[in-house]
Amino acid sequence: MSAGRRPGADAAPRPIVWDVSQTESPDRVRGMGWPVLADGERASLAGWRATLATPSVRGWYVGGAIALPWLFVVLPGVLSAPQLWQQVLGSTLVLLFAAAFLIAAPTAWATPRRGRIWIVLGLFALSFALMPWLGWDVRATWTFVGVVLGVSVIGWRFTWIAIVALGLLAFGIAVATGVDPADAVLNSAIIVSISLMMAAFARTLAALGQLRKTQAQVEVLAADRERSRVARDIHDILGHSLTVITVKAELAGRLIDADPQRAGVEIGEVEALARGALADVRAAVSGFREVNVSAELAAARAALRAAGIELDAPASTDAIDPAHRELAGWVVREGVTNVIRHAGASRCRIRLEHDVVEVADDGVGPGAGTASTGLTGLRERADAAGARLRIGRSDLGGFSVRVEL
């Protein structure tokens with residue numbers, strides 16, 4: 001660790017967002033994307049209620065309400081019934097069909113793909129409740145059935161086959177009941193064209209909705225990764241710095257009577273270490289912290305000397321590839337911290353080779369609690385760099401932290 005200030009260390013750190021709800025919401029494009037249940041997701045009553053109240057579904061309610069006047073053209077036929085109760089009952093069924101049409105699509109979106117066809121068939125069956133008033137003119141309501149079929153986002157091949165079949169059924173019934181062929185073709189064409197158009201539109205909005213879900217998941221993963229990075233860096237920084245500060249403070253305490261001048265030097269180094277640790281913490285939070293193996297090797301010499309541990313290390317770090325110098329610095333930092341804090345060693349050896357970085361000692365060796373937070377963080381760094389971390393007993397008889405590059 002470098003005790004001096006690095007450029008930009010005092011710059012205002014970037015704010016770290018721990019909660020993705022503080023970021024720009026994916027709902028910034030209101031009304032875009034319908035909340036269609038993805039394959040593999042489980043349906044629930046709470047999920048259905050939430051879907052009905054989702055802001056993006058309001059666009060469907062508005063559009064469906066605008067289309068309802070085309071349904072109410074059947075009211076004259078209903079109101080032509082001779083009895084008042086028949087008129088009231090028929091009008092109630094028309095309103096019930098309208099309400100069912102509005103909630104059918106959101107209900108289908110909250111239902112697994114295989115169950116959506118039953119919602120469409122339910123609306124289709126409800127249309128026949130108007131036959132006592134309309135007869136086979138109930139086919140005028142099938143445009144709404146086709147629209148719900150289209151926007152339910154079932155399989156695309158099944159959807160267009162079912163819509164075409166519905167149009168052909170309406171045409172066949174119209175011709176069989178004596179309707180003018182031109183009117184029959186027009187009615188069937190309306191059913192098929194509007195339903196297929198809504199099917200294509202629904203798939204676009206469903207894809208937008210899935211993209212929004214994916215974006216939210218990515219934001220959560222990014223926040224978790226940033227949280228892990230900062231936690232790992234803070235542990236590595238403070239674990240090493242506080243260990244060295246403790247050793248130097250103890251040494252200064254022992255020297256304060258016997259050699260006040262040297263004790264003052266040690267206290268000055270403690271102050272420099274504390275300032276350097278503070279700068280490193282700020283840099284870690286900002287996301288701009290860099291570790292250099294040369295600086296870490298120099299810091300290791302000073303820390304081990306203060307702890308009274310003999311060091312066997314190369315004079316330079318030239319053997320380390322530039323691409324691996326940061327990882328090598330982390331290995332030296334974590335390994336030396338463990339030697340000072342846990343090993344009870346009298347000798348430490350640091351190897352810096354082209355393909356290997358190792359910190360070994362002659363202390364107590366690996367124990368039951370070997371997997372520390374620092375070693376876990378070091379393993380994550382090694383994995384990210386495509387290297388391999390090995391820990392175990394060293395040939396000196398103690399502990400070894402070895403990374404193969």
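The numbers here are math on the coordinates, done by the rules we state, and not lab data. Model, not experiment: these values are computed from the prediction. Here the Cβ is made from the backbone with ideal geometry for all residues, glycine too, and neighbour counts use every protein chain on show.
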- Quick numbers on the range 291-405, Rg and Dmax over C-alpha atoms in Å, give 12.7, 36
- Would you please report the Å³ per residue occupied by the convex hull of the alpha carbon atoms in the range 43-219? 118 Å³
- Extension length gain for TRP136 and VAL265 (0.36 nm per residue less Cα distance), in nm, is 36.3 nm
- Protection proxy ranking of 259-269, 346-356, 100-110 - average other beta-carbon atoms within 10 Å, highest first: 100-110, 346-356, 259-269
- Amide H contacts under 5 Å for CYS348, placed H, 5+ residues apart: GLU310, LEU311, ASP312
- Quick shape check on the range 316-370: root eigenvalues a ≥ b ≥ c of the Cα gyration tensor, a/c under 1.5 is rounded, otherwise prolate if a/b tops b/c, else oblate, and it reads prolate
- Message: With just the Cα atoms defining each centre, how far is the range 328-355 from the range 125-163? Give it in Å.
- Response: 74 Å
- Residue-by-residue Karplus 3J(HN,Hα) for the range 63-77, coefficients 6.51, -1.76, 1.60, Hz, glycine and proline x: x, x, 5, 5, 7, 4, x, 5, 7, 6, 5, 7, 4, x, x
- Counting only residues 5 or more places away or on other chains, whose amide H sits under 5 Å from the amide H of ILE154 once H atoms are built in the peptide plane? none
- What chymotrypsin sites (Phe, Trp or Tyr not before Pro) does the range 156-192 have in DSSP loop regions with at most 16 other beta carbons within 10 Å? none
